[in-house]
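The values are calculated or read from the model by the stated rules, or taken from the named source; none is laboratory data. Note that the structure is predicted; figures quoted are calculated from it, not measured. Heads up, the Cβs are rebuilt from the backbone with ideal geometry, glycines too, and the neighbour counts pull from every protein chain shown. For accessibility, only protein heavy atoms count, side chains too; no ligands or nucleic acids. Shrake-Rupley method; radii C 1.70, N 1.55, O 1.52, S 1.80 Å.
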Amino acid sequence: MASTFKVKALVVFFAVAALLTGGYAHGKDHAASVFDVTEYGAAPSNRDNKDAFLAAWRAACGSTAVNSTLVFPKGGTFAAGAVRFEGPCANGGAPAVVIDGVLQPCAGGGGGGCRLSDDAWITFSGLNNLLVTGAGTLDGQGHRRSGKGKTKTTTTLLFDGVTNSTLSGLRLVNSRGFHVNLRRCTGIIATGLGIHAPADSRNTDGVHVAFSSHVRVLDSAIGTGDDCVSVGPGSADVLVSGVSCGPGHGISVGSLGGEEQEEEEVRGVVVRNCTVKGTTNGVRIKTWPGSPPGAASNITFEDIAMDAVANPVNIDQRYCPHGRCAGAGKPSLVQISEVTFRRIEGTSRTPMAVRLLCSEERPCTGVRLDGINLTCGDVPCRYELSNVRGPVAPGPGVRREEEEADVASGGSEQLGRFTWWLPFTVRG
């Protein structure tokens, strides 16, 4: 209860703070503090509205009005190439940004002077107390990408170096890459989002967090062709709660270790009160083989409902999704420790309900399975542990059989220091 109250208090605090510095204005100062992009030349069409968007932004960002607001009105579809809304703004805050219309990239991506970058389509950078909200849609038009040549994996919405800010209510669909990327941010709440892309669209993570701290991803419906939420390198104090995930690859910490220069430490991640349906993974931690030294610690997955999920509980330190990895065959050097999977219930569509494949060079430590309550159709559920150091507390209903001499011959080869492939039958 105290934790729930704290989260709600944070939502109220950040939302009110954002509104005080950039919400809707009322009264006689309304006209002076609302900056409608159509008044700066933007029009619903396929042409690039980037210049009009930036002109309206400069006016809103430079305004000394207390409640400066940038508005993308409903009733039309506005096209634009890559656009970057940068701070700092007047008064040290940022305008509220209200998106009620539909925004999409210019037709063709780069024709007629319209350009999309490999990084991001819409970027907010160097801002404090920003509120981005509305009933509108950011349509990345990823489903119209050509299959010829190299395809850009452009993030739809990037927060870069943003602090004490809120993203709420928007619908994001069909991104060419990540739908939302929170990078180098502190104190961000992303709540009430609707994020959707085809199940076969690659690299279309719903919300990706990297090099950021004190982040909350709350009460959102996410279904894509990749992770619904992914917590990447350099992240600390991240809460994911109330997310409905599927289709996609589940909710993940990682992948970690893909780049030699990455700040690999991830700590203090909590995923709770989420529903995962029809995904290829449930909740997992993943690191690349041959990855440089790093750490992922104090991670909790709890109160998760699984519905027809493959690989519901998963640690994978040999993550190589397309079979072509530079470090294949080499152990990951990311140390995973103090991980809890608690009260995870529902159905697995494969017999392997729990798979913890840790590094032979850096075995996992402090792993706890508590209250795992999964069924696997008409067959008993099983779980596999590899290179897990120390006792694993399996929770009620799990038979511990690693002391039996014939365990290794039950269908799994011996891998690394500790490997068991154990019967895991819960609820018959």
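Please go through the range 67-88 and pick out each residue that is open to solvent by 50 Å² or more (accessible area, probe 1.4 Å) and either free of Cβ contacts under 8 Å to residues at least 40 places away in the same chain or closer than 23 Å to Val173 by Cα (or both).
Let us first name the residues in the range 67-88 that are open to solvent by 50 Å² or more (accessible area, probe 1.4 Å), namely 74-75, 77, 84, 86, 88.
Selection gives Lys74, Gly75, Thr77, Arg84.
Of the residues that make up the range 300-316, is at least one at pLDDT below 95 and touching a Ser or Thr at 6+ places or on another chain (Cβ under 7 Å)?
Keep residues of the range 300-316 that are at pLDDT below 95, which gives none.
Within the range 300-316, none of the residues are at pLDDT below 95 and touching a Ser or Thr at 6+ places or on another chain (Cβ under 7 Å).
In this structure, Gly323 does not qualify as open to solvent by 10 Å² or more (accessible area, probe 1.4 Å) and either among the hydroxyl-bearing types (Ser, Thr, Tyr) or touching a residue at least 24 places away in the same chain (Cβ under 8 Å) (or both).
Name the single residue, out of those in the range 39-66 being of a type in the set (Ser, Thr, Tyr) and either more than 20 Å from Trp121 (Cα to Cα) or more than 32 Å from the chain's Cα centre (by Cα) (or both), that is least open to solvent (accessible area, probe 1.4 Å).
Step one: list which residues in the range 39-66 are of a type in the set (Ser, Thr, Tyr), which gives 40, 45, 63-64.
In the following step, the residues that additionally are either more than 20 Å from Trp121 (Cα to Cα) or more than 32 Å from the chain's Cα centre (by Cα) (or both) were identified as 40, 63-64.
Numbers: Tyr40: 85, Ser63: 19, Thr64: 108 Å².
That would be Ser63.
Would you mind stating whether Asp200 is under 15 Å from the mean Cα position of the chain (by Cα), over 20 Å from Ala96 (Cα atoms) and not hydroxyl-bearing (Ser, Thr, Tyr)? Taking the combined requirement at face value, the residue does not satisfy it. Scanning the range 67-94 for residues that are within 25 Å of the chain's Cα centre (by Cα) and not hydrophobic (A, V, I, L, M, F, W, C) yields Gly81, Arg84, Glu86, Gly87. Here is a check on your reading of the model: is Ser386 buried (at least 19 other Cβ atoms within 10 Å of the Cβ) and within 25 Å of the chain's Cα centre (by Cα)? When the stated conditions are applied, Ser386 does not pass them.
Which of the following residues is of a type in the set (A, V, I, L, M) and within 21 Å of Arg355 (Cα to Cα): Val240, Val270? Walk me through it before giving the result.
Numbers: Val240 fails: within 21 Å of Arg355 (Cα to Cα).
Going through Val240, Val270 in turn, the sole match is Val270.
Name the single residue that is nearest to Thr280 (Cα to Cα) among those in the range 203-231 being surrounded by fewer than 24 Cβ atoms within 10 Å (Cβ to Cβ) and touching a residue at least 40 places away in the same chain (Cβ under 8 Å). In this case the residue turns out to be Asn203.
In the set (1) at pLDDT 95 or above; (2) more than 22 Å from the chain's Cα centre (by Cα); (3) under 23 Å from Ser255 (Cα atoms); (4) of a type in the set (D, E, K, R), Lys150 fails one condition alone, (1).
Of the set (1) within 29 Å of Ala199 (Cα to Cα); (2) surrounded by fewer than 24 Cβ atoms within 10 Å (Cβ to Cβ); (3) touching a Pro at 6+ places or on another chain (Cβ under 7 Å), all apply to Val266 but (2).
Can you name the residue in the range 269-292 that is basic (Lys, Arg) and out of contact with any Leu (no Cβ under 8 Å at 6 or more places or on another chain) and, of all such residues, is least open to solvent (accessible area, probe 1.4 Å)? Spell out the reasoning first.
At the first step, the residues of the range 269-292 found to be basic (Lys, Arg) are 272, 277, 284, 286.
If we keep only those that are out of contact with any Leu (no Cβ under 8 Å at 6 or more places or on another chain) as well, we get 277, 284.
Details: Lys277: 123, Arg284: 12 Å².
For the range 269-292, the residue satisfying everything is Arg284.
Residue by residue through the range 117-128, note down the ones that are in a loop (DSSP other than H, G, I, E, B) and open to solvent by 10 Å² or more (accessible area, probe 1.4 Å). Ser117, Asp118, Asp119, Gly126 - these are the residues of the range 117-128 that are in a loop (DSSP other than H, G, I, E, B) and open to solvent by 10 Å² or more (accessible area, probe 1.4 Å). Might you check whether a residue that is buried (at least 17 other Cβ atoms within 10 Å of the Cβ), under 21 Å from Asn128 (Cβ atoms) and modelled with pLDDT of 90 or more occurs anywhere in the range 14-24? No, every residue in the range 14-24 fails to be buried (at least 17 other Cβ atoms within 10 Å of the Cβ), under 21 Å from Asn128 (Cβ atoms) and modelled with pLDDT of 90 or more.
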